Structures are given as structure tokens and as C-alpha cells.
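The values are calculated or read from the model by the stated rules, or taken from the named source; none is laboratory data. What you see is a predicted model, and the numbers here were worked out from it, not measured in a lab. For neighbour counting, all protein chains shown are included, and Cβ atoms are generated from backbone atoms with ideal geometry for every residue, glycine included. Only protein heavy atoms, including side chains, enter the accessible area calculation; ligands, DNA and RNA are left aside. Shrake-Rupley method; radii C 1.70, N 1.55, O 1.52, S 1.80 Å.
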Amino acid sequence: MSDKPPAISVIIPSYNRDKTLPRAIDSVLTQTFSDLELLIVDDGSTDNTREVVEEYMLKDSRVKYIYQENARQAAARNNGIKHSRGEFTAFLDSDDEWLSDKLKKQIEYLETHPEFSMVYSNQLMCDSKGASRFLRYRNDQMVEGNILIDLLERRIYCSTQSVMVRSRVIEKVGLFDVDLKNSLEDWEWTL
């Protein structure tokens, strides 16, 4: 294993999602951009989450397992951030998955636009079987630049699993607010 930090740290918080977690993990490990570490933070699961992650760790050294007593999603993301080493950080929920070029497109954009701290993407909404349903936003609803007013007025919502942020920015703005107890803590953090 190299001591060189990866370009991207991907953080997946998980609580009792051993059935959906493999799809999330696979969608990270099959990204067209591969210079990454994958930190799976087990938030006190009582199912087979540990065993699922250990199987992946045997096959891919980029996968890391972090266990914590159940403290909810914001605390799990924070724990992942504290263990991350990448120049960029991306988040994925354990019941979601990414298209294969998500990280490549986002890191290329951030590398060519140093004035931006964060990027987000649209979301393809699917049913429980993974069948595509619709895009969350129309193209004319996607905004760039200073999006603070759009966020405050709830015209857009940067879902955490669509975000990639420069890790140095996280050091400035701080961690997720655990006192919000999974109630818009991601929206508050994005603001």
C-alpha cells in the first residue's frame, strides 16, 4: 500500500444496509476514476455489514472499514471525514449508487475551475429495482457559481451523494452538525 494520499476520499455511512451496500460499493469501485479510497463507516449495524465490507477489503485495498457505536448518519460522515486522506471528498449513501463516470467528471471540473469549492450533480431517481424513473432537476434548474441564494430559497438541494468538495474546504467550514439528528444536517452543511 502506498503512503501517497488518494485524490478522492469516498465516505459511505451505513446502518443495517447489508443488502443494498454491495451495489453502493460496486458503484464506487467501478468508477472510471480510480485514485480513491473508500471509507465505509458502520454506524453500529446489527446485520452483516462488517462481513460484507470485509469481503471487499480482501479484494481491494482501497476499501477501509470503520466501526462506531450507533450515532446516526451525520456522526458517521464526520467519522469518515476524520479518517479521510484525499484532496477531494465525496459522499454516497449506502442505499444509493453512482453512474460510472461521476467522480471523473467532477474531479476534472474542480481541477480546471480552482475558483469553485464544491460541485454537485443531478440525480437519476429510480425505483427499488433500479429502474430509471426521472431526473430530479430539469437542465434549466441546475445552477452554478454562487448558489447560496438558490439553496436558501430551496430552489435546489445539493443531495450529499451528488457532492464532491475540496477537503481543505471541509477543514474551514467544519463537520456535519450532529445535533440536527439527520434532519437537514446535509442541507445545513452545504450552506
### Query
Could you give every pair whose Cβ atoms fall below 8 Å, whose first residue belongs to segment 11-24 and is on the phi > 0 side of the Ramachandran plot, and whose second residue is open to solvent by less than 60 Å² (accessible area, probe 1.4 Å), counting only separations of at least 6 or pairs across chains?
Asn16/Ser45; Asn16/Asp47; Asn16/Thr49
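Rundown of residues vs (1) loosely packed, with under 15 Cβ neighbours inside 10 Å; (2) modelled with pLDDT of 85 or more; (3) more than 18 Å from the chain's Cα centre (by Cα); (4) part of a loop (DSSP other than H, G, I, E, B), yes/no style:
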{"position": "Ser94", "(1), (2), (3), (4)": "no, yes, no, yes"}
{"position": "Glu111", "(1), (2), (3), (4)": "yes, yes, yes, no"}
{"position": "Ser128", "(1), (2), (3), (4)": "yes, no, yes, yes"}
{"position": "Asn146", "(1), (2), (3), (4)": "yes, no, yes, yes"}
{"position": "Asp186", "(1), (2), (3), (4)": "no, no, no, no"}
### Message
Residue under question is Glu54, and the condition is that it be open to solvent by 70 Å² or more (accessible area, probe 1.4 Å), over 23 Å from Thr190 (Cβ atoms), of a type in the set (Asp, Glu) and not in a loop (DSSP other than H, G, I, E, B); does it hold?
### Response
yes
### Summary
Over segment 28-80, the set of residues among the polar types (S, T, N, Q) and closer than 19 Å to Val165 by Cα is Gln31, Thr32, Ser34, Gln73, Asn78, Asn79
### Message
Looking at segment 54-70, I want the residues that are under 16 Å from Leu36 (Cβ atoms) and among the aromatic types (Phe, Trp, Tyr) and have a partner that is modelled with pLDDT of 95 or more and in a strand (DSSP E or B) with Cβ atoms under 6 Å, at least 6 apart or on another chain. Which pairs are those?
### Response
Tyr56/Val63; Tyr65/Ile40
### Task
Working carefully through the options Lys64, Lys59, find the one that is in contact with a helix residue (DSSP H, G or I) (Cβ under 9 Å, 6 or more places away or on another chain) and surrounded by fewer than 16 Cβ atoms within 10 Å (Cβ to Cβ).
Lys59
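This table checks each residue for (1) closer than 22 Å to Asp101 by Cβ; (2) at pLDDT 95 or above; (3) among the polar types (S, T, N, Q).
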{"position": "Ser14", "(1), (2), (3)": "no, yes, yes"}
{"position": "Arg17", "(1), (2), (3)": "no, yes, no"}
{"position": "Asp35", "(1), (2), (3)": "yes, yes, no"}
{"position": "Leu39", "(1), (2), (3)": "yes, yes, no"}
{"position": "Asp43", "(1), (2), (3)": "no, yes, no"}
{"position": "Glu51", "(1), (2), (3)": "no, yes, no"}
{"position": "Tyr67", "(1), (2), (3)": "no, yes, no"}
